[in-house]
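Visitor: Once you've had a glance at the structure underneath, I'll fire off some questions.
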Amino acid sequence: MTTLAMRKPHADRGMEGMVAKWYASNTAEMLKEYVELARRISNEIPEGSSVLEVAPGPGYFCIELAKLGSYSITGLDISHTFVKMAAKKAAEAGVCVDFKQGSASKMPLQNNSFDFLLCRAAFKNFADPVGALQEMSRVLRPGGRGLIIDLKRDASPDEVSRQVDGMGLSTMNRILTKLAFKTMLIKSAYTRQEFQQMLAQAQFSSVDIREEKIGLEVAMTK
Ligand SMILES: C[S@@+](CC[C@H](N)C(=O)[O-])C[C@H]1O[C@@H](n2cnc3c(N)ncnc32)[C@H](O)[C@@H]1O
């Protein structure tokens, strides 16, 4: 999906829009996950925090977080289609989130401007992952924290299948999602060791990588 999202020519925009709509409706079926993640993060950050989501797609996490407190929330996504869609969803939900278009490896954002950032289900798609980590460090305030949540390439196929079954998706979306995991997503994901090597090239004061069943949580402090 992201490869499509990153292409510029207009001929690809129609396809990008279709894929974005499919992703948005598929993930809407797992809204509970975004609600839980927003609750978890909201418990970890003080009111008034400045929060960035890198690559928010349809914007579900940002919108759910905005419902929970007075945060200043920005979402930065490379896809014009997703930026428009997320802004519309935020307006419909009656919350204020600043969705901007731009690349994770060249963020149109000031140095030292965020207390917390999240990047979920997107890092494996970035064309310049080290550049994205360096940008994450640049835009975080000293002491600010970042969290990357993504798949791991060494996830077992059986476990992937079990996890997709547990996502609460409709039958068709379950089949398509399993196919996407198997043919694209797991293959483009990173291992813990690869993350460690990339993180060594970015300026964080501490890093903690936690392995989950099919994914990794990479916590970084500037
Ligand atoms: C699978 S979606 C994940 C969306 C959202 N984080 C979620 O959890 O539902 C991946 C997103 O990454 C975005 N993306 C891909 N490459 C990017 C880049 N270099 N900079 C910013 N966003 C990017 C895509 O446009 C897409 O919205």
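Visitor: Looking at the stretch 143-153, can you tell me whether even one residue there is among the β-branched types (Val, Ile, Thr) and either part of a helix (DSSP H, G or I) or farther than 24 Å from Glu44 by Cβ (or both)? Write out each step before concluding.
Guide: In the first step, residues of the stretch 143-153 are kept if they are among the β-branched types (Val, Ile, Thr); the result is 148-149.
Within this subset, residues satisfying the condition of being either part of a helix (DSSP H, G or I) or farther than 24 Å from Glu44 by Cβ (or both) are none.
The answer is no; no qualifying residue exists.
Visitor: Being open to solvent by 40 Å² or more (accessible area, probe 1.4 Å) and either within 18 Å of Leu199 (Cβ to Cβ) or in contact (Cβ under 8 Å) with a residue 40 or more places away in the chain (or both) is the requirement here; does Pro108 meet it?
Guide: On the way: open to solvent by 40 Å² or more (accessible area, probe 1.4 Å): yes; either within 18 Å of Leu199 (Cβ to Cβ) or in contact (Cβ under 8 Å) with a residue 40 or more places away in the chain (or both): no.
Judged against the criteria, Pro108 is not a match.
Visitor: Could you please find all residues in the stretch 62-88 being touching an Asp or Glu at 6+ places or on another chain (Cβ under 6 Å) and either in a strand (DSSP E or B) or within 16 Å of the ligand (Cβ to nearest atom) (or both)?
Guide: Correct list: Cys62, Thr74, Gly75, Thr81, Val83.
Visitor: Quick test of your reading of the structure: Thr3 fulfils all but one of (1) at pLDDT 80 or above; (2) β-branched (Val, Ile, Thr); (3) part of a helix (DSSP H, G or I); (4) within 22 Å of Pro129 (Cβ to Cβ). Name the failing condition by number.
Guide: (1)
Visitor: When you look at Glu16, is it of a type outside the set (Val, Ile, Thr), closer than 21 Å to Lys178 by Cα, in a helix (DSSP H, G or I) and touching a helix residue (DSSP H, G or I) at 6+ places or on another chain (Cβ under 8 Å), yes or no?
Guide: Details: of a type outside the set (Val, Ile, Thr): yes; closer than 21 Å to Lys178 by Cα: yes; in a helix (DSSP H, G or I): yes; touching a helix residue (DSSP H, G or I) at 6+ places or on another chain (Cβ under 8 Å): yes.
So Glu16 fits the description; yes.
Visitor: Going through Ala24, Ala38 one at a time, which residue ends up being open to solvent by less than 20 Å² (accessible area, probe 1.4 Å) and either more than 9 Å from the ligand (Cβ to nearest atom) or in contact with a strand residue (DSSP E or B) (Cβ under 7 Å, 6 or more places away or on another chain) (or both)? Please lay out each step first, then the result.
Guide: Values: Ala24 fails: either more than 9 Å from the ligand (Cβ to nearest atom) or in contact with a strand residue (DSSP E or B) (Cβ under 7 Å, 6 or more places away or on another chain) (or both).
None of the other options fit; the residue is Ala38.
Visitor: Look through Leu140, Leu118 and report the one residue that is open to solvent by less than 20 Å² (accessible area, probe 1.4 Å) and more than 16 Å from the ligand (Cβ to nearest atom).
Guide: Numbers: Leu118 fails: more than 16 Å from the ligand (Cβ to nearest atom).
Sole residue among the options that is open to solvent by less than 20 Å² (accessible area, probe 1.4 Å) and more than 16 Å from the ligand (Cβ to nearest atom): Leu140.
Visitor: Then there's this: With respect to the numbered conditions (1) in contact (Cβ under 8 Å) with a residue 40 or more places away in the chain; (2) within 12 Å of the ligand (Cβ to nearest atom), which one is the sole condition not fulfilled by Glu159?
Guide: (2)
Visitor: Identify, by number, the condition in (1) away from the ligand (no atom under 13 Å from the Cβ); (2) touching a residue at least 24 places away in the same chain (Cβ under 8 Å); (3) out of contact with any Leu (no Cβ under 8 Å at 6 or more places or on another chain) that Pro129 doesn't meet.
Guide: (1)
Visitor: All but one of (1) modelled with pLDDT of 95 or more; (2) within 19 Å of the chain's Cα centre (by Cα); (3) not small (Gly, Ala, Ser); (4) not in a strand (DSSP E or B) hold for Met184; state the number of the condition that does not hold.
Guide: (1)
The values are calculated or read from the model by the stated rules, or taken from the named source; none is laboratory data. Every value quoted in this text rests on a predicted model; they were computed, and no experiment measured them. All Cβ positions, glycine included, derive from the backbone under ideal geometry; neighbour counts span all protein chains shown. Side chains included, ligands, DNA and RNA excluded: accessible areas come from the protein's heavy atoms. Shrake-Rupley method; radii C 1.70, N 1.55, O 1.52, S 1.80 Å.
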